[in-house]
1. When you go through Val156, Val103 one by one, which is the residue that is in contact (Cβ under 8 Å) with a residue 12 or more places away in the chain and among the β-branched types (Val, Ile, Thr)?
2. Could you check the range 119-143 and list, in sequence order, the residues that are out of contact with any Leu (no Cβ under 6 Å at 6 or more places or on another chain), without any contact (Cβ under 8 Å) to a residue 60 or more places away in the chain and over 14 Å from Pro66 (Cα atoms)?
3. When the residues of the range 33-62 are narrowed to those that are at pLDDT 90 or above and among the aliphatic types (A, V, I, L, M), which ends up surrounded by the fewest Cβ atoms within 10 Å (Cβ to Cβ)?
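The values are calculated or read from the model by the stated rules, or taken from the named source; none is laboratory data. Since this is a predicted model, take the numbers as computed values, not measurements. We place every Cβ from the backbone using ideal geometry, glycine too, and count neighbours over all the protein chains shown.
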Amino acid sequence: MTNNRKTPQTAVSYPVRIWTPTTIRPDRAFLGVRDRVLVMAIKEPVDERASVDSWDRVFRALAAEPRRQIVMSLAESSPERELSLPEAANPSSMLQDPDELMVELLHEHLPIPEGGDYVESFRTPLGVRGGPAFDEVAVVLESLLTCVDDVPDQLVVGCQRLEAARGMLAE
């Protein structure tokens, strides 16, 4: 009979300083201990009011279907590409009157994402491209698309891209 038992390894103990919450400064994030070295990163100070305002601007920018369509169209194109309007905001499943949509885009929809630097528009001919903060809105919609099966139906219905991803659109 063969002995399958392994010989126990001798544990080596190292002197480790105990880091208490009072030892770690609030402007640093504790990442762990690796090779007896405390790993920390300096955290950027967070302005909570600015963070709340950022979320409010993102959700306001995504609150209407034409704006969501613009964001998804831009996210699916190359970063420097300029898209024509109203086409980028008017999916084939909706087909809103282009003249009507053009007026809505100019007076209602474009000012909101432009104000948050999410998109930049140009008027002749009417078009749009991603702005400096475009990733802030794109990541929200892309995240929803990634887990579309977990999104409640009441949030999917009315968002053409989520409906398509869920297979809810009639061909």
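1. Val156
2. Glu120, Phe122, Arg123, Thr124, Pro125, Arg129, Gly131, Pro132, Ala133, Asp135, Val139, Ser143
3. Result: Val58.
The rows are residues; the columns are (1) among the β-branched types (Val, Ile, Thr); (2) over 20 Å from the mean Cα position of the chain (by Cα); (3) at pLDDT 85 or above; (4) part of a loop (DSSP other than H, G, I, E, B).
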position: Met94; (1), (2), (3), (4): no, yes, no, yes
position: Pro125; (1), (2), (3), (4): no, yes, yes, yes
position: Glu136; (1), (2), (3), (4): no, no, yes, no
position: Val140; (1), (2), (3), (4): yes, no, yes, no
position: Ala165; (1), (2), (3), (4): no, no, yes, no
position: Ala170; (1), (2), (3), (4): no, yes, no, yes
